[in-house]
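One structure below.
No lab work stands behind these numbers, since they all come straight from the coordinates. Note that the structure is a prediction, hence the values are computed from the model and not measured. Cβ placement follows ideal geometry from the backbone for every residue including glycine, while neighbour counts extend to all protein chains displayed.
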Amino acid sequence: MATWRPPERIKYAPICEPWPDAAVAQRSRLFSPVDVGPVRLTSRTWVPAMVPWRASEEGEVTPAVLQWYERFARGRPGVLVVEATGVRDVPSGPLLRIGHDRFVPGLASLVETVRRASGGQTRLFIQIIDFLGIRRRPSREKFLGQHLRIEASHRDHLRLPADAPEALVRERLAALTDDELRQALSPRDWESLQHGFRERVTDLHVPAIRDLPQTLPGIFAAAAQRAAQAGFDGVELHYAHAYTMASFLSARNTRDDGYGGEREARVRLPLEVLAAVRAAVGSRIAVGCRMLAEECIEDGNTVEDAEYFAARLAGAGMDFISLSRGGKFEDAAQPKVGEAAYPYTGRSGYECMPSYYSDARGPFGRNREPATRIRHAIRAAGLVTPTVLAGGVHHFSQAEASLERGEADIIALARAALADPDWFSKVRDGQGGTVRVCKYTNYCEALDQRHREVTCELWDRDALDEPGLMLTKDGKRRLVPP
Ligand SMILES: Cc1cc2nc3c(=O)[nH]c(=O)nc-3n(C[C@H](O)[C@H](O)[C@H](O)COP(=O)(O)O)c2cc1C
Ligand code: SF4
């Protein structure tokens, strides 16, 4: 699937400045402690959620999942957030799940692994997610022959009598050119043909979607309760990117049942989910969310929306607000027939995970300005809720400057931590010069897009011949982290 890139195609290289010595690093803001609700972090560093595609088909923690998080924990970031983990008990491929009590023992072993590997220095949070259904892009034949629901409008358009048999309608539609077919189909059906069918929070005619405000608070609360039971230090409610809760917050949410339309109504379900989660776990563990500073799509949420939402959510008791940007389905690239759309392939996807080919703004720090405004909005509401900023951070100087300027309270490194999971311990110990610095090639993201086990192209190849090395599910030898 082609991924969107800024047409300017200006090539950027990571920052190449001296790193601090150990004394400077240890006195820095970045390596100073901070409280996140009931949890004290040893530093203001954070590895945000990254799906590595290592769970079992049943959504269970596997030895490869333990190895993945163990490797990050050895670098001792302040917080390590476990990948987006499904709150429902429905099959969803090799993505972690927390929708039933049977997942608790596996997740508890993950907590134990991280605690041991970090010497108790890293707090382990888990991102919990709900997502709606999405189907692969069908072939034209399959769509017109099976998927499309034949309606009176199709017969009218084709000037067929009201009792014309369905098979004839399908046959006539199949004989149309693409331009003609587009006229004959509703915009939604045309989109399902071009991109694959995707459920939306505005599908109020579907009972399960209409009832989300009734069902989701309980589902999230039960998942959070299991996270607490497994020993996690915190849960991160996934209110960002292309998924259900972000779709409720979105300016594109036109539900007319009190959960869409004006901002106040769009934030209602996110607040109700928070209230249910809090009632389930109390203040035993940190409860926060990840949300978008900007949706970066046409008619999507702007930073003003995010300022309002962040202040409301912080006011309702979120222990932290982690800010991402973009990553939506609405502008995703057209998938190939037989593949599903992927929300990081359009312009908004670029905003979420910018690569080294960029525009004049460059790939580093695109979320800084909106994040600063959002933090001010929270402070203006009289709240001290810490915010987490992510996006292109790979050098100590960037992170420290952001903290100094009040852009955020905590700095997240996703791909930079993937490239070198020891980033945190090396920089704190004055060994920043030995960090393997992320080049923002998005090799890792391309693997994620194809649902393949994620690795980094900077990881070691040398050890690939060692006997007993773990193989990927497709039988290949896997690059190994440094
Ligand atoms: C392989 C991969 C998987 C990701 N999975 C998630 C995820 O599960 N949840 C999430 O909120 N963000 C996810 N992200 C986005 C990152 O958390 C982060 O916001 C983004 O990569 C930008 O930060 P960076 O520039 O430090 O990499 C993922 C990113 C990558 C590269
Ligand atoms: S593959 Fe490695 S170097 Fe490339 S963007 Fe991902 S983490 Fe960075």
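The local environment of Asp305, defined by Cβ-Cβ distances under 13 Å, has a net charge of -1 under the rule Lys, Arg +1 and Asp, Glu -1. The rule of thumb for compact globular proteins, 2.2 N^0.38 Å, goes into the C-alpha radius of gyration of the stretch 153-286 1.50 times. Across the chain, Cα pairs under 8 Å and at least six residues apart give a relative contact order of 20 percent. Look at the Cα gyration tensor of the stretch 231-310: its axes a ≥ b ≥ c give a/c of at least 1.5 with a/b over b/c, and that counts as prolate. Dimensions of the chain from C-alpha coordinates, computed as largest minus smallest value along each principal axis and given longest first, are 83, 54, 49 Å.
Residues whose amide H comes within less than 5 Å of that of Leu237, counting only those at least five positions distant or on another chain, are Ile128, Gly288, Cys289, Arg290 (H built at 1.01 Å from N in the peptide plane).
Set the Cα radius of gyration of the stretch 1-117 against 2.2 N^0.38 Å, with N its number of residues, and you get 1.37. Relative to the 2.2 N^0.38 Å rule of thumb, the stretch 140-195 has a C-alpha radius of gyration ratio of 1.01.
For the pair Arg450 and Ala22 in one chain, pulling the backbone fully straight at 0.36 nm per residue adds 150.1 nm over the alpha carbon distance. Hey, can you list the DSSP H helices of the chain whose Cα span along the axis is 15 Å or longer and whose average Kyte-Doolittle score is at least -1.0? Membrane-span-like by this rule: 63-74, 104-117, 212-230, 268-281, 303-315, 368-380.
Restricting attention to the stretch 1-32, which trypsin sites (Lys or Arg not before Pro) occupy a DSSP loop and are surrounded by at most 12 other Cβ atoms within 10 Å? Those satisfying the criteria are Arg9. Taking other residues whose beta carbon is less than 13 angstrom from the beta carbon of Ala275, and scoring Lys, Arg as +1 and Asp, Glu as -1, yields +2.
Only helices enter the 222 nm calculation for the chain: every DSSP H run of n ≥ 4 contributes -39,500 (n - 2.57), and dividing by all residues gives -10000 deg cm²/dmol, rounded to 500. In terms of packing, defined here as the mean over residues of other Cβ atoms within 10 angstrom, the peptides 447-460, 119-132 line up highest first as 119-132, 447-460. Amide H to amide H, with H built 1.01 Å from N, Val36 comes under 5 Å of Leu41, counting only residues 5 or more places away or on other chains. Mean separation of Cα pairs under 8 Å and 6 or more residues apart, divided by the residue count, gives the stretch 140-195 a relative contact order of 38 percent. Phi angles across the stretch 85-101 convert, under the Karplus curve 6.51 cos²θ - 1.76 cosθ + 1.60 with θ = phi - 60°, into 3J(HN,Hα) values of 10, x, 7, 9, 9, 10, x, 8, x, x, 10, 4, 9, 9, x, 7, 4 Hz, Gly and Pro given as x.
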